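Encoded as structure tokens, the structure appears first; notes follow it.
What follows draws every value from the coordinates through simple rules; no lab data is involved. What you see is a predicted model; the values in this text were computed from it and never measured. So basically every Cβ, Gly included, is an ideal-geometry build from the backbone, and we count neighbours across all protein chains shown.
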Amino acid sequence: MSDLQIFPASAGASGHPLPLLATNDPAVIAAELGQRGIGFERWPARSELPAGAGADDVLAAYAAEIARVQSRGTYPTVDAIRMTPDHPDREALRQKFLSEHTHSEDEVRFFVEGRGLFCLHIGDEVLQVLCEADDWISLPAGTKHWFDMGSAPQFCAIRFFDNPQGWVAQFSGDPIAERYPLLE
């Protein structure tokens, strides 16, 4: 189930802060994120993917949804990422994604399987959005954030880009992510 927790960004380094808001109501999640310029929608992940489905299989299964998004003309590049607990680079990728960063383009994901935790550092708040299958999230360019896929990652997401280079991050060097709960 999708979940949103909002924390103060000024939380001390000793222990994890208590959330100011915690909800799993999709309408409340969408409204709270929308007030902060973040897009969130629930779409039906209508295709069952076979175990071991590759990126081409995922993109083919969701061709209609991809075409709908690309018809807006904003995200010409699309790919699919699948992470499993046995992925050989899971620990290195987790550590990379756990560092606060921004992108010069929007970060847009549609989760078709599993789950992942987006953590957004917006002003004096940190918003943790647990995205699961059926969740669409769109972070505007320049949004400070990090992503936790957990120690045993299990997710598949379609990624939309407005540049042909795909995922390019600018790391802030701020250790803020260390002060907030991880996905376990």
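Test of understanding: what is the full-extension gain from Leu21 to Ala152, defined as 0.36 nm times their sequence separation minus their Cα-Cα distance? Working shown, then result.
Details: separation 131, 0.36 × 131 = 47.16 nm, distance 2.69 nm.
Taking Leu21 through Ala152 to full extension adds about 44.5 nm, to one decimal.
Note down, for the chain, the three equivalent ellipsoid semi-axes (square root of 5 times each alpha carbon gyration tensor eigenvalue), biggest first, whole angstrom.
On the way: eigenvalues 130, 65, 55 Å².
With the √(5λ) rule applied to the chain, the semi-axes are 25, 18, 17 Å.
At a 10 angstrom cut-off on C-beta neighbours, averaged per residue, how do the peptides 123-133, 73-83 rank from highest to lowest? Could the numbers behind the result be given before it?
Numbers: 123-133: 18.4, 73-83: 16.2.
Per-residue mean Cβ counts within 10 Å order the peptides as 123-133, 73-83.
With all distinct Cα pairs included, what does the Kirkwood hydrodynamic radius of the stretch 50-146 come out to in Å, to one decimal, could you say? Mind showing how you got there, number by number?
Details: mean 1/r = 0.0669 Å⁻¹.
In the stretch 50-146 this quantity evaluates to 14.9 Å.
In deg cm²/dmol and to the nearest 500, what is the mean residue ellipticity at 222 nm of the chain if only DSSP H runs of at least 4 residues count, each as -39500 (n - 2.57), divided by the residue total? Spell out each step's value before the answer.
Details: 4 runs with 33 residues, N = 184.
Taken over the chain, the calculation gives -5000 deg cm²/dmol.
Bin all alpha-carbon pair distances of the stretch 145-184 at 10 Å intervals from 0 and give each bin's fraction as a whole percent.
So the P(r) values, bin by bin, are 20, 42, 36, 2.
So, in nm, how far is label Asp174 from label Gln70 when the simple model puts each one 7 Å beyond its Cα toward the Cβ?
3.5
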